[in-house]
1. In a GNM of the chain with a 10 Å cut-off on Cα contacts, which of P21, P150, P118 has the highest mean-square fluctuation?
2. Rounded to the nearest 10 Å², what accessible area does S7 show when all protein chains are kept and the probe is 1.4 Å?
3. Using amide H atoms built 1.01 Å from N in the peptide plane, name the residues 5+ places from T173, or on other chains, whose amide H lies under 5 Å from its own.
4. Using a Gaussian network for the chain with springs between C-alpha atoms less than 10 Å apart, which of these wobbles most: E29, E191, E91?
5. What dipole magnitude, in Debye to the nearest 20, does segment 1-56 give about its Cα centre under +1 on Lys/Arg Cβ and -1 on Asp/Glu Cβ?
6. For the chain, what is the mean residue ellipticity at 222 nm derived from helices alone (per DSSP H run of n ≥ 4: -39500 (n - 2.57); sum divided by total residues; nearest 500 deg cm²/dmol)?
7. Please list, or write none, the aspartates and glutamates whose alpha carbon is within less than 13 Å of the alpha carbon of K190, excluding same-chain residues fewer than 8 places away.
8. Under 20 °C and 1.002 mPa s, how fast does segment 101-203 diffuse according to Stokes-Einstein, given a Kirkwood radius computed over C-alpha pairs? Answer in µm²/s, whole number.
Amino acid sequence: MATTGYSAVVDRLMNALGRLPGIGARSAERLAHHLLKCPAEEALELAEAIRAAKDHIRHCEICFHLTEVDHATCSICRDPRRDQTIVCVVEQSRDLIALEKARTFGGVYHVLLGRLAPLSGIGPEQLTIDALAARVQGGTIRELIMATNPNLEGDGTALLVANRLADTNVPITRLARGLASGSVLEFANKEMLADAINGRQRF
Ligand SMILES: [Zn+2]
């Protein structure tokens, strides 16, 4: 391992920060310096927040959205007003939250926990596709809406899911391209997302 000139303790902190998505070595170094410089309470609040989230949050047993540990399923799956027969398939809980803010969709979700990214080593087995297939085979679902992101990896993921479920005869739709190609669901505004849900089309 290359020597960084820092002590082992600082190296450990920088390595941990550098494993976060979107944080390169330079950003990790900058964040580590910030944490070492800021008041201890501030830095430890971050550590505590991470610990609390890891201790108290789990994935819903049905849809894989985030939920508190004392519930097996999330508040959406538990909500009797939601239509359990229409399932919107998203990559991440972040996308689900964005769609919920649009207040247009009254069904339930399935969170894939990622998208196909062969170059980063993310294949179908890393996603929750088997669980989705089992849900569909349960026989109560009458529509699947593919709401993966409208870019190369999102489209590839949607195609894989659609192929996998092709023999189940459940109609699969996808969001209308009110979303600009190449854009990211979590940053789309409410109106765009509402249009995209309402204008969904057959996959
Ligand atoms: Zn759920």
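The values are calculated or read from the model by the stated rules, or taken from the named source; none is laboratory data. Bear in mind that the values here come from a model prediction, so they are computed numbers and not experimental data. Heads up, the Cβs are rebuilt from the backbone with ideal geometry, glycines too, and the neighbour counts pull from every protein chain shown. For the accessible areas, the whole protein counts, side chains as well, though only heavy atoms, and no ligand, DNA or RNA atoms are used. Shrake-Rupley method; radii C 1.70, N 1.55, O 1.52, S 1.80 Å.
1. Most flexible of the set in this elastic network: P21.
2. Its heavy atoms expose roughly 70 Å² to the probe.
3. Those lying under 5 Å, H to H, from T173 are L144, I145, M146, F203.
4. Fluctuation is largest for E29.
5. Dipole magnitude for segment 1-56 comes out near 260 debye.
6. -12500 deg cm²/dmol
7. Within the straight-line limit of under 13 Å, K190 reaches these aspartates and glutamates: D95, E100.
8. 151
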